[in-house]
Every structure is written in C-alpha cells, then in structure tokens.
Amino acid sequence: MPELPEVETVRRGLEVIRNKKITEIFRSNKKLRFDSTIDIKKIVNSEVIDIKRKARYLIIDFSNNKTAIIHLGMSGRISIKDQFIKLKHDHFAFKINNQEWLIYNDPRRFGFIDIVKTDKIDDHKMLARLGPEPLSDNFNSNYLSKILNNKTINIKTAMMDNSVVVGVGNIYINESLFDSAISPLRSCKTLKKNEIEKLINSIKKIIAEAIKLGGSSISDYQNTKGEFGYFQNLLKVYDRSNQDCYRCNAKIERVIQNGRSSFYCKSCQF
DNA sequence: ACGTGTACCTGCACGC
DNA sequence: TGCGTGCAGGTACACG
C-alpha cells in the first residue's frame, strides 16, 4: 500500500492517540514479516508521547522508554475505531484510554511491528541504512550526483533504493520520471547535472502534492478514518499502459525493471 | 562492491 | 462457475 505520502497521512491520523494510554492489546497468532514472538504487551499501561515517521516506518514513542516501529508492507492499514470486532487479517490492536481502538489489518503480512528501547531505535536493522528524506535539504543535486556517478543500474531502480533516498516507491518514481521527462531505463551515470536537478524537483513536488491530497488510493489504501486519498486522480503514467500520453499523445509503455512494472512514454521521456 | 533475481503472502482481475 | 495465471504500494537476502 504505502509510499511516503500514504505513511505520512497515516501518521497524521494517529495524532488522535497522542498523550493517551494503551489500556489493552490484541495480537493475532499470525507471523507478520517478523516473528509473532515480539512481545507487544510491553507497552500496556504506557502513554503515547510522540508519533513520528522515518522513511516508511511509523515510530511511536511511549512513556515507559519503549518505542513501536510499524511498517505497513504492501497491504497494511491502520484504522481507529470505536469498537474492535476482529476481521480477517487484523493482526494487532491497541485499546486507547479504554475507549477507542487502533487496529492493524494486513492481508499480505509484509508489514511488521517491533518494540525497542527508545534510545536504541537507530540500531534497528530496518532503520540502519536509510538515505535522506526526499523533502529534506539533504536530498539535493550535489548529494545525488555523487551517488549516481558510481552506478551502472537504471535510474528508476536506483531511486527506489532506500539507501539512496527513502520513501519513493513504484508509483511516485514512475510519476517523477514522467514529470522530469527522463526515461526509467537510463543508466544512472548518463544523467547530466541539470537532469538530476529536474528529477529531484519532480520528486519533491510530487511527494509534497501527494501528501497534501492524502496519498493515492490505488486499490485498498485508506487513512486511519477509512477515507481514501485523492492523488490517484492525478497520476499521469502509473498503470496507464497503452493509454495516450498526456504530454505527447503517444502510447504509454509498460516494462519490467527489477521485477517491478515501469510505465513511461517512449517518445517524450529520454 | 554492485546488480539481479527471489522470497515472503493474500486477493483480485482476467481469460479460457 | 471454476480454475490457472499474473499482478499488486516493500524489503532483505542469496547469489553471481
């Protein structure tokens, strides 16, 4: 489900649990990406003191010096509901202040929850090798040129690597490459400085706009209130194979790169 | 050290 | 209707 804009939308929705107490916990016996032996009961009776996001990870700090790291995988969804009536694929749930429930549902189970000591969070193996946030000043053309100069892989695969830049997934990299008129097939090394600048600007613009619109609801993404995002209405290439290019009217092509679909226009992306 | 392919899992849309 | 196939927002790892 989620790239950075969707996770950020969920994070904002979780603000309603700030300063509230976890009064009860449910955990299914199904394994998520990590084993089900992680003891999430450690946070019962503690209060939520902060809700952050790093890359596509939700980071929830608790008053007892514990932190929950949650990733939504491909199909994870968090909702806040008045009642907890367990549905298929509900894998954990927190009762909040004895009144509402935060419920995690994930059919494919590629997501996870882990609980670590708050001061050890950066040691977590999933957070260890993350590149800059796309909207931060650290993600700039000096930084990116240095990285791309050494790479022989295609630009699309490189930009989806979380050690290069975080949170840019298959939807938004396809859109960003279209916006900057760069072919996803280009070898990193061949990008000129002005193209790198264009690409960075497109990524920043598109990610920011998608956050503003509450993310993209392609199939099942919803925010914590069960509402859909709107950015999918603005998608220009993603999932548009054989349809007309909005810029030049040629047909959008679909190719597979590193096992993922890429959509692009052969006649106006170079 | 880097690049590629595969595994993890369920559900859905499609064609026969 | 039913079955087989391919595809889906991500990430880590095992190979060459």
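Only the coordinates and a few stated rules stand behind these numbers; no lab work does. Given the structure is predicted, the values throughout are model-derived calculations rather than measurements. Quick reminder, even Gly has a Cβ in these numbers, built from the backbone with ideal geometry, and neighbours come from all protein chains shown.
Here are a few things to note about the model shown:
- Among the listed pairs A:K42/A:K204; A:K117/A:K151; A:K151/A:K204, those whose Cα-Cα separation exceeds 29 Å are A:K42/A:K204; A:K117/A:K151.
- Loop-located trypsin sites (Lys or Arg not before Pro) in the stretch A:170-270, at most 12 other Cβ atoms within 10 Å (DSSP): A:K192, A:K225
- Sorted ascending by nearby beta carbons within 10 Å, beginning with the fewest, A:M74, A:M160 become A:M74, A:M160.
- More than 18 angstrom apart: percent of Cα pairs within the stretch A:131-270: 54
- Vicinal HN-Hα couplings computed from phi for the stretch A:251-268 (Karplus, 6.51 cos²θ - 1.76 cosθ + 1.60; Hz; Gly/Pro x): 7, 6, 9, 10, 10, 9, 10, 6, x, 10, 5, 10, 10, 7, 9, 5, 8, 9
- Calculated over chain A: convex hull of Cα atoms, volume per residue (Å³): 126
- When each of A:T37, A:T23, A:T190 is scored by the number of other beta-carbon atoms lying within 10 Å, the sequence from fewest to most is A:T37, A:T190, A:T23.
- Over chain A: helical MRE at 222 nm, DSSP H runs n ≥ 4 each giving -39500 (n - 2.57), nearest 500: -6000 deg cm²/dmol
- With the convex hull of the Cα atoms taken as the outline of the stretch A:57-142, the averaged projected area works out to 7.5 nm².
- Table column - 3J(HN,Hα) (Hz), the stretch A:215-230, Karplus curve with 6.51, -1.76, 1.60, x for Gly and Pro: x, 10, 9, 7, 10, 10, 5, 9, 7, 5, 9, x, 8, 8, x, 10
- For the stretch A:9-18, 3J(HN,Hα) per residue [Karplus equation, 6.51 cos²θ - 1.76 cosθ + 1.60, θ = phi - 60°, Hz, x = Gly/Pro]: 5, 5, 4, 5, x, 7, 4, 5, 9, 4
- In this structure, A:L87 and A:I153 have a Cβ-Cβ separation that, at R0 = 30 Å, corresponds to a calculated FRET efficiency of about 0.15.
- When the Cα positions of A:N170, A:C265, A:Y230 are compared along the charge dipole of the stretch A:136-270, A:C265 comes out farthest toward the positive end, with charges on each C-beta of Lys, Arg, Asp and Glu.
- About its Cα centre, the dipole of chain A is roughly 540 debye, where the only charges are +1 on Lys and Arg Cβ and -1 on Asp and Glu Cβ.
- With the gyration tensor restricted to C-alpha atoms of the stretch A:1-101, the semi-axes of the equivalent ellipsoid amount to 18, 17, 14 Å, longest first.
- Long-range HN-HN contacts of A:N64 with modeled amide H, under 5 Å: A:E47
- Residues whose placed amide H lies under 5 Å from that of A:S180, excluding near-sequence neighbours: none
- Trypsin sites (Lys or Arg not before Pro) lying in DSSP loop within the stretch A:84-176, provided at most 12 other Cβ fall within 10 Å: A:K86, A:K88, A:K125, A:R129
- Relative to the Cα centre, the charge distribution of the stretch A:186-226, modelled as +1 at Lys and Arg Cβ and -1 at Asp and Glu Cβ, gives a dipole magnitude of about 260 debye.
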